[in-house]
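Read the structure below first, then the notes.
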Amino acid sequence: MFIVNQLGVLAAGVVAYRMTASDSQKLFWITGFAGGFTTLSSLAFILHGSNLLSGLIYSVLSFACSIAILAVLRKGAKQ
């Protein structure tokens, strides 16, 4: 699940920062396609089925990796 969520973040970041697309195309790819991978409900499901420490570790790593992926994509984006 972790890898799938990070791939969704990567897909959304590529569309947002690297692709030349209209607003409606970005809306489709980011919220529709990438949003199918990176739902908050999947994170809530994982956290519900784990103990407090492993849930905390998972959520911190997930958010940190997501922010790092977007930071790298944004840094390399054409202005």
(Q) Could you check region 59-74 and list, in sequence order, the residues that are crowded, with 16+ Cβ neighbours inside 10 Å and either more than 21 Å from H48 (Cα to Cα) or of a type in the set (D, E, K, R) (or both)? (A) I69, L70, L73
Q | Pair list, Cβ < 7 Å and 6+ apart or interchain, from region 7-25 residues that are under 10 Å from S66 (Cα atoms) to residues that are part of a helix (DSSP H, G or I) and among the small types (G, A, S) | A | G8/A34; V9/S66
Q) Could you list, in sequence order, the residues of region 21-42 that are modelled with pLDDT under 75 and outside any helix (DSSP H, G or I)? A) T38, T39
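The values are calculated or read from the model by the stated rules, or taken from the named source; none is laboratory data. Nothing here was measured: the structure is a model prediction, and the numbers come from that model. Neighbour counts are summed over all protein chains in view; Cβ atoms, including those assigned to glycine, are modelled from backbone coordinates with ideal geometry.
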